[in-house]
1. I'd like the Kirkwood hydrodynamic radius of the stretch 193-280, using the inverse of the mean 1/r over distinct C-alpha pairs, in Å.
2. Between R472 and S453, what is the spin-label point distance in nm, taking each point 7 Å from the Cα along the Cα→C-beta axis?
3. Give the Rg/Rh ratio for the stretch 2-165, taking Rg as the radius of gyration of the Cα atoms and Rh as the Kirkwood radius, to two decimals.
4. Could you compute the net charge surrounding V476? Neighbours are other residues with a C-beta less than 9 Å from the C-beta of V476; K and R count +1, D and E count -1.
5. Hey, what's the per residue convex hull volume over the C-alpha atoms of the stretch 74-218, in cubic angstrom?
6. Would you please name the trypsin sites (Lys or Arg not before Pro) within the stretch 207-308 that are DSSP coil residues with at most 13 other C-beta atoms within 10 Å of their C-beta?
7. Going from the alpha-carbon gyration tensor of the chain, what semi-axes, largest first and in whole Å, does one get by taking the root of 5 times each eigenvalue?
8. Could you work out how far helix 351-364 tilts from the main Cα principal axis of the chain, as a 0 to 90 degree angle to the nearest 10?
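Every read-out reported here was derived from the displayed coordinates using simple, explicitly stated rules and does not represent laboratory data. Values in this document were obtained by computation on a predicted structure and should not be read as measured data. We place every Cβ from the backbone using ideal geometry, glycine too, and count neighbours over all the protein chains shown.
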Amino acid sequence: MAERKSNIIIEESEAIRQKNIIKALREEFDKAYEKTGKKKLFFIQTYGCQMNARDSEKLKGILEEIGYVETDQEEKADFIIYNTCTVRENANQKVYGRVGHLKSLKKKKNNLMIALCGCMMQEDTVIDTIKKSYNHVDIIFGTHNIYKLAELIKAKLETKDMIIDIWEAHKEIVEDLPSIRKHKFKASVNIMYGCNNFCSYCIVPYVRGRERSRAPEDILSEIKALVADGVVEIMLLGQNVNSYGQTLDQSFTFANLLEALEDIEGLERIRFMTSHPKDLSDDLIKVMGQSKKICNQLHLPLQSGSTKILNEMNRKYTKEDYLELVKKIKAARPDIALTTDIIVGFPGETKEDFEETLEVVKAVEYINAYTFIYSKRTGTPAAKIKEQLPESVVKERFNQLIDTLQPFVERHSQEKVGKTYKVLIEEVNQQEKELVSGRLSSNHLVHLKGDKSLIGKIIDVKITSAMTFYLRGEQV
């Protein structure tokens with residue numbers, strides 16, 4: 001435990017140092033505001049997964065503490081930051097295009113500051129490209145040092161140089177820094193960082209680093225504070241939440257964490273993602289079966305129904321393992337709504353391999369699925385496999401997969417018509433202002449008549465009809 005105490009001291013001192021930098025910048029910004037009467041504006045564009053979205057909340061928190069005000073109009077901003085994703089190579093090209101466009105904007109606004117961060121910045125080739133072709137960028141940092149944004153801004157203001165701060169690995173987890181939530185009634189909480197799985201098609205472990213679990217006391221303290229501030233639903237985030245706790249000095253598993261959350265008064269709903277099938281334990285299934293707060297929706301990525309392809313993907317489970325796991329989950333939680341990820345056209349995938357994927361889809365009967373055409377990702381083992389499939393074959397299989405999934409998606413929605421469910425109202429509907437929109441525990445989207453006074457409340461809603469991608473209902 002002595003080592004843990006030492007880490008706490010490191011983390012607390014770093015947090016204090018960053019807060020002091022934020023405070024000093026705020027004083028400078030306040031003085032500038034007194035002279036000009038204008039607040040500096042920031043614009044943030046987030047690409048990629050919910051981990052990136054959570055990182056952007058932290059970035060927003062730091063910027064607002066410094067004195068910036070958010071704008072949704074990029075051309076009006078004094079500080080522009082892109083939080084990037086690199087799962088697919090076309091994501092990189094999209095960012096390059098946006099950054100190139102900013103060059104003309106920067107010529108018009110001498111004091112415009114441009115920052116790039118996130119997964120894409122962890123690639124050496126990307127940094128080389130930016131230095132060579134996009135030298136109008138001011139600050140570059142990666143996934144491991146989000147909390148240093150204020151320090152990087154300070155360094156830029158003082159030196160006028162391009163600031164590049166990329167770490168190959170995490171050094172410490174810094175707690176208790178500002179964060180701006182999108183919603184007052186729900187929040188995402190990182191419980192761990194990094195990934196140890198090295199799926200052969202995935203770049204994430206190379207850019208997010210090795211797995212590191214946050215201390216349970218820090219997580220519980222953060223969630224209790226969020227609940228005290230009005231949060232009723234928590235989303236626990238990690239590249240593989242099921243392996244939470246493996247890097248801790250103490251014996252504390254993901255199942256233990258969920259049990260501890262069950263006792264927090266005022267917390268109504270618990271969600272989590274992503275769950276890797278190879279680490280989903282019987283203890284976790286038992287906790288899910290007994291919980292009154294864990295939502296009845298589980299995202300359990302399949303990727304392929306072929307054991308041969310799963311082995312090529314380095315997924316470390318078989319088709320039979322996956323189906324047995326689903327059987328256990330449904331036995332413990334009969335109302336479970338399963339969603340998944342499926343990749344079509346992985347190198348070497350045969351017609352028979354693909355048909356095995358369809359067999360799993362039919363056996364599990366997912367309520368929804370995120371389906372992807374395999375995208376060759378430079379830097380991953382799968383990119384070196386010679387048996388890349390013809391595009392025409394992959395597209396045909398992809399369409400066949402959608403046709404197989406769709407009847408199950410529609411049936412699960414139709415089965416809810418006439419029944420009453422608890423719905424967390426999240427927003428006024430963007431298309432029809434007399435409606436509000438919310439989510440069932442199963443994560444089905446539902447629209448109903450109501451106004452903004454319902455936002456953040458969990459109410460009883462009777463489902464009256466089911467469309468392809470949403471439900472309609474009425475408050476009861």
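1. On the way: mean 1/r = 0.0721 Å⁻¹.
Averaging 1/r across every pair of different Cα atoms and inverting gives 13.9 Å.
2. Those two pseudo-labels are separated by 2.4 nm.
3. Values: Rg = 16.2 Å, Rh = 16.6 Å.
Here Rg/Rh amounts to 0.98.
4. Working: positive: K462; negative: D460, E474.
Surrounding charge for V476 is -1.
5. Working: hull volume 20.4 nm³, N = 145.
Considering the Cα atoms of the stretch 74-218, their hull volume per residue is 141 Å³.
6. Values: sites: R208, R210, R212, R214, K224, R269, R271, K278, K286, K292, K293, K308; in loops: R210, R214, K292, K293.
Taking the stretch 207-308 and a limit of 13 other Cβ atoms within 10 Å, the loop trypsin sites (Lys or Arg not before Pro) found are R210, K292.
7. Values: eigenvalues 271, 160, 118 Å².
They are 37, 28, 24 Å, listed largest first.
8. 80 degrees
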